[in-house]
Amino acid sequence: MADSSAAGKLPAASEGVAGYLSPYPYLDRLQEKMEERLAKKVPVKGRFCGFCYARLRESDTVCPFCQTDVAAAGTVEEIPQDVLRAYRTKQRTEARWVHTGAFFGLILASVLFLVLVLWGPGWLGHPALAFVVLIFGGYFFAQLFGTFLGAQIGYRRGARQRDALWTAWLAKREGRAA
Ligand SMILES: [Zn+2]
């Protein structure tokens, strides 16, 4: 999938997260920084890498994120909206999967609670046990289906969407430069 002929702009493949190997490892490294920018925790203006839009220090001659030569790629004052949108898409997709998974976990615990209260034979039908299942089961299933499974599925889907948007952005940018 990764085109290694693209002027060495695609660094060597990394381990991959949650079973998805991004063809653009620098996007993963930039995700957190871009989320800070999206949340406006950092200044909008600055000095950004002309290739990957990482924020650069005055002393950087090579971008610490994409390893592009700063003099060759140039710098920009602001991160383009299309680029920010790619990171926001990843963030939202992942969050949606975590929340949906956690919600499913809570529903599952609630169903178990009702089943125990309504049909639990003997001590299994004791309300105290059902409440323990509701509270601890709710926590456990929310973690399992949200924080654990949901986050992995969400990461894979979100990262794919982000990477596709980045591919489209690269094509658009190269088209404009040509
Ligand atoms: Zn860069």
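Taking trypsin sites (Lys or Arg not before Pro) in DSSP loop conformation with at most 12 other Cβ atoms inside 10 Å as exposed sites, the chain has its longest uninterrupted site-free stretch at 58-178. Listed by chain and number, the aspartates and glutamates whose alpha-carbon sits under 19 Å from that of K33, ignoring those within fewer than 8 places in the same chain, are E58, D60, E77, E78, D82, E94, D163. Measure nothing fancy, just the Cα-based angle from helix 25-38's long axis to the longest principal axis of the chain, in degrees from 0 to 90, nearest 10. With both axes taken from Cα atoms, the answer is about 80 degrees.
Amide H contacts under 5 Å for V62: V70, restricted to partners 5 or more places along the chain or on a different chain, H placed in the peptide plane at 1.01 Å from N.
Taking every Cα-Cα distance in the chain and sorting them into 5 Å bins from zero, the calculated P(r) comes out as 1, 8, 13, 15, 14, 11, 8, 6, 6, 5, 4, 3, 2, 1, 0, 0 percent. Among S22, S59, the order by Cβ neighbours within 10 angstrom, fewest to most, reads S59, S22.
Three semi-axes describe the equivalent ellipsoid of region 80-169; taken as square roots of 5 times the Cα gyration tensor eigenvalues and ordered largest first, they are 40, 8, 8 Å. Using a Debye calculation, one point per C-alpha and no hydration shell, please list log10 I(q)/I(0) for region 15-91 at q = 0.16, 0.24 Å⁻¹ in order. Relative scattering, expressed as log10 I(q)/I(0), comes to -0.58, -1.18. Using a cut-off of under 15 Å, list every residue of region 75-89 whose amide N is near the label point 7 Å from the Cα of Q161 along the Cα-to-beta-carbon line. Hits in region 75-89 for Q161 at 15 Å: 83-89.
Dividing the summed -39500 (n - 2.57) terms of all DSSP H runs of n ≥ 4 by the residue count of the chain sets its mean residue ellipticity at 222 nm at -17500 deg cm²/dmol.
Full extension of the chain segment joining E35 with D69 gains 9.8 nm, where the gain is 0.36 nm per residue of separation less the Cα-Cα distance.
Just so you know, all these numbers are worked out from the coordinates, no wet-lab data involved. In this text, all values refer to a predicted model and were calculated from it rather than measured experimentally. Counting neighbours? That spans all protein chains shown, and the Cβs are built from the backbone with ideal geometry, glycine included.
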